[in-house]
């Protein structure tokens, strides 16, 4: 099942994508796809409903973040988690996952404009597989991880590299700029993803393919990450884990290439839909 959130004027409504890729209005089932309704239990309940009985949405005003922004308690990111990406950056594969946070205020819809921050000279792109937690996880094993996952989504983990790496302190400064966290278009429930470690993923800038990778080259897989994180903090429904990016980021190119106002990013992951963002000045 693919759930989504769509805009009608100033309102955001919950939807489900049917087999013909038509949006169905799910507001008679749930008030929103928030932390109360992206749980494993609730989504299993919704799967039993005849989706064809729900009204078709003929018109809308855009796609909102696939999980309600106010319900995302933690936006956890994993650094240098693709062996080929670590190689392009000249950094070693870490002996344990590198964990950092992206502020939830960065979350936007999959096709919303991305604002290049003031004084930015090194804004960069990163297509990533997002994991949406659907059941509280504390001290769980790797074998238990799937029981706590609702599904997956596309994430663009935008980064301002100078803010991230050339200023003292943690990476969060370069990861949390407003609009630097597009998620969606869909939350794809885990039953539709046969193997999260075998998904093709890509990103284009202005029509040029920049990233063309696969989750096969993840160093630490989805189940390991959920288990690992649960040993340091509880994971709650609505939390998102962004699991790292394959090679092809602007920072890794020679010469380096970064985003400018007016650029267009288009990105996607196999079976999870696409995002398109235009960059604008702050």
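Couple of notes before you dig in:
- Boolean, residue 102 is in contact with a helix residue (DSSP H, G or I) (Cβ under 6 Å, 6 or more places away or on another chain), modelled with pLDDT of 95 or more, more than 23 Å from residue 191 (Cα to Cα) and assigned by TED's automatic domain parsing to the domain that holds residue 133: yes
- Failed condition for residue 105, given (1) in contact (Cβ under 8 Å) with a residue 40 or more places away in the chain; (2) surrounded by fewer than 20 Cβ atoms within 10 Å (Cβ to Cβ); (3) assigned to a loop (DSSP other than H, G, I, E, B): (3)
- The residue list 50, 25, 61 contains one member that is at pLDDT 95 or above and under 22 Å from the mean Cα position of the chain (by Cα), which is 61.
- Single match in 178, 204 (criterion: in a loop (DSSP other than H, G, I, E, B), in contact (Cβ under 8 Å) with a residue 60 or more places away in the chain, in the same structural domain as residue 252 (by TED's automatic domain parsing) and within 20 Å of residue 123 (Cβ to Cβ)): 178
Matching residues to (1) part of a strand (DSSP E or B); (2) outside the structural domain of residue 156 (by TED's automatic domain parsing); (3) closer than 22 Å to residue 276 by Cβ:
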residue	(1), (2), (3)
19	no, yes, no
28	no, yes, no
35	no, yes, no
43	no, yes, no
48	no, yes, no
58	no, yes, yes
84	no, no, no
94	no, no, no
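- The lone criterion from (1) within 20 Å of residue 10 (Cβ to Cβ); (2) in contact with a helix residue (DSSP H, G or I) (Cβ under 6 Å, 6 or more places away or on another chain) left unmet by residue 83 is number (1).
- When each of 173, 254 is tested for being free of Cβ contacts under 8 Å to residues at least 40 places away in the same chain and part of a loop (DSSP other than H, G, I, E, B), the lone residue that passes is 254.
- Of the residues making up region 24-46, just one is in contact with a helix residue (DSSP H, G or I) (Cβ under 8 Å, 6 or more places away or on another chain) and surrounded by fewer than 16 Cβ atoms within 10 Å (Cβ to Cβ), namely 36.
- Region 53-76 residues that are touching a residue at least 24 places away in the same chain (Cβ under 8 Å), paired with ones that are in a helix (DSSP H, G or I) (beta carbon under 7 Å, 6 or more apart): 69/104; 72/104; 75/104; 76/229
The values are calculated or read from the model by the stated rules, or taken from the named source; none is laboratory data. What you are looking at is a predicted structure, and each value in this text was computed from that prediction instead of being measured. Because the Cβ atoms are built from the backbone with ideal geometry, glycine has one as well, and the counts that use them run over all protein chains shown.
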